[in-house]
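The values are calculated or read from the model by the stated rules, or taken from the named source; none is laboratory data. Worth saying up front: this structure is predicted, and the values here are computed from it rather than measured. Don't worry about glycine lacking a Cβ; one is built from the backbone with ideal geometry, like all the others, and counts go over all protein chains shown.
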Amino acid sequence: MGVGLFGGAFDPPHVGHVAVARGAKAAFDLPSLVVLVAERPGHKDTSLPAATRLELARAAFPDEEVRLDPYPRTIDLLRAEQFDDPLFVVGADQFAGFLSWREPEGVLELTRLAVATRPGYGRDRLEPVLAELGQPERVVFFEIEPNSTASRDVRARAAAGEPLDGLVPPAVARLIAERALYRPD
């Protein structure tokens, strides 16, 4: 197996992200995982600058290579950079919207997708996406412990000054608290 790629806005990275990364490494015996922090995500706005999200991601994934992804779309990243037999790791929530990605078939030409389970996204929601793909065999599923943590909920709790215990790795919680990230001005 080649390299695992795990991209996202990580605004902020939470325990669900960490579970997906660990689950993918274990399920596919990945020798390495590159965590790609989207500098300018093409699909969503971010609350924090890329450099701050990169720092948070490095705190969340201390044993992985963590770097900025300067490309707004996955297809652009995959075309611009050479990866050894890449496996692009996503959550089921991301896969449910995969057909709306820029050139989903092109993405599958350049990488396989590893889709992690997520509460609320059963196979009944994912099978229609698979059925639309020209290469459904390029998509593999793996199970992780259910985790419904969402970055928007973490941001809301941080903004309210509430504890983030159990929602983000301790090093991420420390940085958010020390810098008063996500707090209203």
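Residues considered: Pro13, Pro72, Pro31. Of these, the only one that is more than 23 Å from Ala173 (Cβ to Cβ) and within 15 Å of the chain's Cα centre (by Cα) is Pro72.
Being touching a helix residue (DSSP H, G or I) at 6+ places or on another chain (Cβ under 9 Å), farther than 28 Å from Ala159 by Cβ and without any contact (Cβ under 8 Å) to a residue 40 or more places away in the chain is a condition met by no residue of region 53-65. Remark: pairs (first residue in region 136-164, within 11 Å of Val15 (Cα to Cα); second residue among the acidic types (Asp, Glu) and assigned to a loop (DSSP other than H, G, I, E, B); Cβ separation under 6 Å; 6+ apart in sequence or on different chains) = Ser151/Asp11.
Scanning region 100-131 for residues that are over 26 Å from Ala26 (Cβ atoms) and touching a helix residue (DSSP H, G or I) at 6+ places or on another chain (Cβ under 6 Å) gives Arg102, Glu103, Pro104, Gly106. Considered as a group, the residues in region 120-134 that are surrounded by 12 or more Cβ atoms within 10 Å (Cβ to Cβ) and not charged (D, E, K, R) include one that is modelled with the lowest pLDDT, and that residue is Tyr121. Output yes when any residue across region 172-184 is under 18 Å from Val20 (Cβ atoms), in a loop (DSSP other than H, G, I, E, B), at pLDDT below 95 and in contact with a helix residue (DSSP H, G or I) (Cβ under 8 Å, 6 or more places away or on another chain), and no when none is. Checking region 172-184: not a single residue is under 18 Å from Val20 (Cβ atoms), in a loop (DSSP other than H, G, I, E, B), at pLDDT below 95 and in contact with a helix residue (DSSP H, G or I) (Cβ under 8 Å, 6 or more places away or on another chain). Are any residues in region 154-170 exposed (fewer than 13 other Cβ atoms within 10 Å of the Cβ) and assigned to a helix (DSSP H, G or I), and if so, which ones? Passing the criteria: Ala156, Pro170. Hey, any hits in region 91-108 for a residue that's closer than 14 Å to Gly4 by Cβ and among the charged types (D, E, K, R)? No, region 91-108 contains no residue that is closer than 14 Å to Gly4 by Cβ and among the charged types (D, E, K, R).
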